[in-house]
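The values are calculated or read from the model by the stated rules, or taken from the named source; none is laboratory data. No experiment lies behind these values; they were computed from the predicted model shown. For neighbour counting, all protein chains shown are included, and Cβ atoms are generated from backbone atoms with ideal geometry for every residue, glycine included. Quick note on the areas: whole protein, heavy atoms, side chains included, nothing else; ligands and nucleic acids left out. Shrake-Rupley method; radii C 1.70, N 1.55, O 1.52, S 1.80 Å.
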Amino acid sequence: MNIEFAILDWIQEHLSCPLMDWLMVFFSRLGDSGLIWIIITIILLIPRKTRRYGLTCALSLLFSLLLCNLGLKPLVMRERPFAGKELELLVEMPQDFSFPSGHTSSSFAAATALYSHGRSWGIPAYILAVLIAFSRLYLYVHFPSDVIAGAAVGIICGILARLIIKKWAK
């Protein structure tokens, strides 16, 4: 775990500035409760042309919620990196467990679902997912392994959702 604290401390020492503080809080808030991904999903569900994209995103987000937030977090019960440290957080102190990152999981689930329907949708979604994931490190609310695991869980959820929707929509 020392390497993980070293990474978080390096980010704080070398990247921290008022502009980055604002940007990272902004990106993190976009990921709160999967908000940006839920909005995108709803928008995609409206037109018939993109409804399949929306269904894939919705299912990937549901899988991410079940596996990450309701499954792994209470099972692993990992404390957050700020626990026991004298830090002034830029965001409200999360009350749930740390492993894996729910923000990252939902972001990569939706991005993978969108990428499975085309690069023009997926590449911007992955860029946003990476920014949201990095914000969780910058804000000192997740360990790097939380974010890596969250990305892996999200990618699996996105792939699974695409396979189910593809089979169901035949």
Residue in region 68-80 that is within 18 Å of ILE159 (Cβ to Cβ), touching a helix residue (DSSP H, G or I) at 6+ places or on another chain (Cβ under 8 Å) and open to solvent by less than 90 Å² (accessible area, probe 1.4 Å) present: yes
Residue list for region 150-170, filter: open to solvent by 10 Å² or more (accessible area, probe 1.4 Å) and within 14 Å of LEU65 (Cα to Cα): ALA151, ALA152, VAL153, ILE155, ILE156, LEU160
Residue check: is GLY118 open to solvent by less than 30 Å² (accessible area, probe 1.4 Å), at pLDDT 90 or above and over 19 Å from LEU23 (Cα atoms)? no
Do we find a residue being out of contact with any helix residue (DSSP H, G or I) (no Cβ under 6 Å at 6 or more places or on another chain), modelled with pLDDT under 95 and open to solvent by less than 60 Å² (accessible area, probe 1.4 Å) anywhere in region 127-136? no
Filter result (of a type in the set (Lys, Arg) and either touching a Cys at 6+ places or on another chain (Cβ under 6 Å) or at pLDDT below 90 (or both)) within region 47-88: LYS85
Which numbered condition MET20 fails, given (1) at pLDDT 95 or above; (2) under 19 Å from PRO94 (Cβ atoms): (2)
Please state which one of GLY54, GLY34 is touching a residue at least 12 places away in the same chain (Cβ under 8 Å), in a helix (DSSP H, G or I), surrounded by 18 or more Cβ atoms within 10 Å (Cβ to Cβ) and at positive phi. GLY34
The lone exception for VAL25 - which of (1) touching a Ser or Thr at 6+ places or on another chain (Cβ under 7 Å); (2) assigned to a helix (DSSP H, G or I); (3) of a type in the set (Val, Ile, Thr) it fails: (1)
